[in-house]
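The values are calculated or read from the model by the stated rules, or taken from the named source; none is laboratory data. Small disclaimer: the values here were computed from a predicted structure and weren't measured. Every residue, glycine among them, receives a Cβ derived from its backbone with ideal geometry; neighbour counts consider all protein chains shown.
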Amino acid sequence: MKSALVTVLALLAYAYAQSVKIAAPAANSHITTTENVLIEVERPNSQTPSRDVAVLIGLRSCPNGDCDSVADSSALGTILYGGAYSPIPRTGGGAMYENYTVLIPDSVGTGSALLSVAHFYAGGVLNSPAIDQTNIVVQVDSA
Ligand SMILES: *[C@@H]1O[C@H](CO)[C@@H](O)[C@H](O)[C@H]1NC(C)=O
């Protein structure tokens, strides 16, 4: 039992090590409907072998400004991008990243919204498939 728990904890720590984060825009940035936004999806340049596959980038309006409940549901809302994730090392080493330029649709409500990235990859020497997800709150202004 104890070893099973240790294994689970090790797997969680392992999964975390591969997790992506949104390096841009900054949390609470203002974005505008019908305009393009540059999204930088970053992951650590870890020693553990892993193979990146894809990301889904979603934007979901937060009812009454409550983004915590939106984050808890993990639903992505409007998909701004879905496709390959092939990050490259930042100049001078460090994290790996890829830029995506996405259009903010007119249909996304104004006010607080959750910008989410779900990341699919195969990790470890045995290529275990895994998904991690990260979010930031942004402020949507109308054009
Ligand atoms: C990614 O976007 C940033 C601006 O946020 C820019 O400085 C950088 O050169 C871009 N990288 C690539 C590979 O296009």
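Read through the list (1) farther than 16 Å from L38 by Cα; (2) in contact (Cβ under 8 Å) with a residue 60 or more places away in the chain; (3) over 16 Å from the mean Cα position of the chain (by Cα), then give the number of the only condition that G65 fails.
It is condition (2) that G65 fails.
Residue-by-condition table, conditions (1) closer than 15 Å to E35 by Cα; (2) within 16 Å of the ligand (Cβ to nearest atom); (3) outside any strand (DSSP E or B):
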residue	(1), (2), (3)
Y100	yes, yes, no
D106	yes, no, yes
A113	no, no, no
S116	no, no, no
V125	no, no, yes
P129	no, no, no
A143	yes, no, yes
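Would you call T78 away from the ligand (no atom under 15 Å from the Cβ), polar (S, T, N, Q), within 15 Å of the chain's Cα centre (by Cα) and modelled with pLDDT of 95 or more?
So T78 passes the test.
Could you check the stretch 95-130 and list, in sequence order, the residues that are among the aliphatic types (A, V, I, L, M), surrounded by fewer than 13 Cβ atoms within 10 Å (Cβ to Cβ) and modelled with pLDDT under 95?
V125, L126
Given (1) free of Cβ contacts under 8 Å to residues at least 60 places away in the same chain; (2) among the hydroxyl-bearing types (S, T, Y); (3) farther than 25 Å from E35 by Cβ, where does T78 come up short, assuming only one miss?
That leaves (3) as the condition not met.
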